[in-house]
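A.B. asks: Mind having a look at this structure? Questions to follow.
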Amino acid sequence: MEKLVINKNQLRDTATLSSLGMLAYRIFTEVGCVNIQLLSGEQEECTIPFKDGEIFSLRDVELCLSIVG
């Protein structure tokens with residue numbers, strides 16, 4: 001399982017994961033969720049609850065959300 005680290009003070013940002021490549025995220029504080037979009041290859045996205053330890057998958061890769069800040 002790979003960790004996606006998100007800074008709660010950055011409402012929009014990008015990250016790179018070794019197994020998936022580059023992705024972008026946007027935090028929606030008013031509804032308590034985060035939208036994550038893969039930017040490499042065919043785009044894929046998901047919206048998940050914005051909580052530390054949330055487990056989700058993109059392209060059959062299991063990820064764990066880690067919130068810092």
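The values are calculated or read from the model by the stated rules, or taken from the named source; none is laboratory data. Quick caveat, the model's predicted, so the values are computed rather than measured. We place every Cβ from the backbone using ideal geometry, glycine too, and count neighbours over all the protein chains shown. Protein only, heavy atoms only, side chains kept; ligands, DNA and RNA dropped before computing areas. Shrake-Rupley method; radii C 1.70, N 1.55, O 1.52, S 1.80 Å.
A.B. asks: Could you check segment 32-47 and list, in sequence order, the residues that are part of a strand (DSSP E or B) and of a type outside the set (Asp, Glu)?
C.D. replies: Cys33, Val34, Asn35, Ile36, Gln37, Leu38, Cys46, Thr47 - these are the residues of segment 32-47 that are part of a strand (DSSP E or B) and of a type outside the set (Asp, Glu).
A.B. asks: If I filter segment 20-31 for residues that are of a type in the set (Ser, Thr, Tyr), in a loop (DSSP other than H, G, I, E, B) and open to solvent by less than 60 Å² (accessible area, probe 1.4 Å), do I get at least one hit?
C.D. replies: no
A.B. asks: OK, next. Given the criteria open to solvent by 20 Å² or more (accessible area, probe 1.4 Å) and modelled with pLDDT of 95 or more, does Thr47 qualify?
C.D. replies: Criteria met by Thr47.
A.B. asks: Right, next: Restrict the check to segment 54-63 and report whether at least one residue is open to solvent by 50 Å² or more (accessible area, probe 1.4 Å), under 16 Å from Lys3 (Cα atoms), among the charged types (D, E, K, R) and touching a Ser or Thr at 6+ places or on another chain (Cβ under 8 Å).
C.D. replies: no
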